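Only one structure is covered here, and it is reproduced in the block below.
Read-outs throughout are calculated quantities, based only on the coordinates presented, and are distinct from any laboratory measurement. All figures in this text were calculated on a predicted structure; none of them were measured in a lab. Glycine gets a Cβ as well: all are built from the backbone with ideal geometry, and neighbour counts include every protein chain shown.
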Amino acid sequence: MSAIIIDGAVVAERMRTEVAEEAARFTEQYGYPPGLGVVLAGDDPASHQYVRMKRRACEKAGFDSIPHYLPQDASQDEVEEAVSTLNADPRVHGILVQLPLPPHIDEERVLRLVSIDKDADGLHPANIGLLAMKGREPLYTPATPTGCIALLKEVDTQISGANAVVIGRSNIVGMPVALMLIKEDATVTVCHSRTKDMQDIVRKADIVIAAIGKPEFVKGDWLKPGAVVIDVGTNKIDDPEAEKGYRWVGDVEFESASQVARAISKVPGGVGPMTITMLMVNTMKAAWRLAAKEQ
Ligand code: GUN
C-alpha cells in the first residue's frame, strides 16, 4: 500500500477545536452562543443518527441546538412552519433541514424558505445558483462538498488546472462539488449512470470524487497513478467474517485504489466527519454575520 490515507476524523477534530474556540469568543462577546436550528421530518434511522451526531458535535463545541422533530406524516405546512419558526428565532444562526424529507413533501419549497442568511447547509437554490456563477460567491457552500475540497487541500492537491472527475450528480454532493472544483479552476467532468466509457474518463483524472452510492464501484485499475481520491460513499455490505455481520465500504475499492493513488480518503472516517464540521464552520460564520448585522 503506497497511498497517503486521508484521515477525515483527524482533520475534522482539529477544525472542531478551532470552531469551539471561536464559539467561546463569540459567546463572550455577545452573551449568547451560536445556534443551529434543525428540522428533521420522518423516522429514517440513518437521518436520526446523522442529526444526533450533528447536534452532539455542535453542543460539544459550545453551540446551542434547537431541534424541530416532525413525524413521517407531517404536512407541507408543518414542515414549512418549522423552518419559518427557525428563521424568526434570534437564537438560531444556522438552519439544517435534514434530507431526504418524506416523499410527499416538496423539498425545493422547503429549502427555498430557509433564510439565505441562515443557510448553513448551503442548499438554498440561491446559494447553489451563486456557486454556479462566475465571479459570484455564495454566502455558504454545502457541507459535504466543502469537506471534500478541504480534504484535497489537506494533502496539498493542486486543484487549479487539474483534471477532476466527479462520479455522481446529486444535489447534495455531486453537482455542488463539481461547481466548487470549477470555482477552484479545475477542468471538471461529471460522470453518472448514463456515462459511456467511465473507466477511460476516470483514468485521465488527477482528482476523483466518488459519490455514486455503489459499494466499491471504482477499481484501482481505473485510476491514473498518483491521482488523489476522495470517497464520499458509505455503503453497508454483508460480511460474515465481521463481528457484526456487516462492514462499511466506500464507492471506491480501497485495497486496489490505495496501490495506485497518491492519496485516498478513509471510509468510514473520511468525508463523514468533515460534513459535520463544515456545518459547524458555516453556522459559526452565520452567527458572526447575523450578530454584526443586528448591531
Ligand atoms: N442528508 C445526507 N447528507 C446531508 C447533508 O449534508 N445535508 C442535509 N441537509 N441532509 C443530508
>> For the ranges 4-13, 282-291, 155-164, what's the packing order if you count other beta-carbon atoms within 10 Å of each residue, average per peptide, and put the highest first?
In response: 282-291, 4-13, 155-164
> What's the extension gain from Asn235 to Arg25 if we count 0.36 nm per residue and subtract their Cα-Cα distance?
Replying inline: 71.7 nm
>> Distance between the C-alpha centers of segment 177-193 and segment 219-294? Whole Å please.
In response: 17 Å
> Taking other Cβ within 10 Å of each residue's Cβ, how do Lys54, Lys196, Lys183 sort, fewest first?
Replying inline: Lys196, Lys183, Lys54
> Where the centroid of each part is defined by its Cα atoms, how far is segment 115-131 from segment 56-99 in Å?
Replying inline: 16 Å
>> Within a 10 angstrom radius of the beta carbon, how do His93, His48, His104 rank from fewest other beta carbons to most?
In response: His104, His48, His93
> In degrees between 0 and 90, to the nearest 10, how far off the longest principal axis of the chain does helix 143-154 point, with axes built from Cα atoms?
Replying inline: 50 degrees
> From the square roots a ≥ b ≥ c of the eigenvalues of the alpha-carbon gyration tensor of segment 1-57, which class results: rounded (a/c under 1.5), prolate (a/b over b/c), or oblate?
Replying inline: oblate
> Taking neighbour counts of Cβ atoms within 10 Å as a proxy for exposure, in what order, fewest first, do Arg52, Arg91 appear?
Replying inline: Arg52, Arg91
>> How long are the semi-axes of the equivalent ellipsoid of segment 61-170, defined as square roots of 5 times the Cα gyration tensor eigenvalues? Whole Å, largest first.
In response: 29, 16, 14
>> Tell me whether the chain comes out rounded, prolate or oblate; compute the Cα gyration tensor, take square roots of the eigenvalues as a ≥ b ≥ c, and use a/c under 1.5 as the rounded threshold.
In response: prolate
>> As I understand it, the value is the acute angle between the Cα axis of helix 271-294 and the longest principal axis of the Cα atoms of the chain; what does it come to in degrees, rounded to 10?
In response: 30 degrees
>> Defining a contact as two alpha carbons under 8 Å apart and six or more residues distant in sequence, what relative contact order in percent does the chain show?
In response: 22 percent
> Based on DSSP H runs of at least 4 residues, each adding -39500 (n - 2.57), what is the mean residue ellipticity at 222 nm of the chain after dividing by all its residues, to the nearest 500 deg cm²/dmol?
Replying inline: -13500 deg cm²/dmol
>> Treating only the Cβ of Lys, Arg, Asp and Glu as charged (+1, +1, -1, -1), what charge dipole size does the chain show about its Cα centre? Round to the nearest 20 debye.
In response: 680 debye
> Applying the Karplus parametrisation 6.51 cos²θ - 1.76 cosθ + 1.60 with θ = phi - 60° to the phi angles of segment 183-188, what ³J(HN,Hα) value in whole Hz is obtained for each residue in order, glycine and proline being reported as x?
Replying inline: 4, 8, 6, 7, 9, 10
> Using alpha carbons only, how many degrees (0 to 90, rounded to 10) separate the axis of helix 8-30 from the longest principal axis of the chain?
Replying inline: 20 degrees
> Which shape class, rounded, prolate or oblate, goes with segment 1-117 when its Cα gyration tensor gives a ≥ b ≥ c as root eigenvalues, a/c under 1.5 marks rounded, and past that a/b bigger than b/c marks prolate?
Replying inline: oblate
>> Cut-off under 30 Å on the C-alpha distance; same-chain residues fewer than 8 positions from Lys244 excluded. Which lysines are left, in chain and number order?
In response: Lys54, Lys60, Lys214, Lys219, Lys236, Lys266
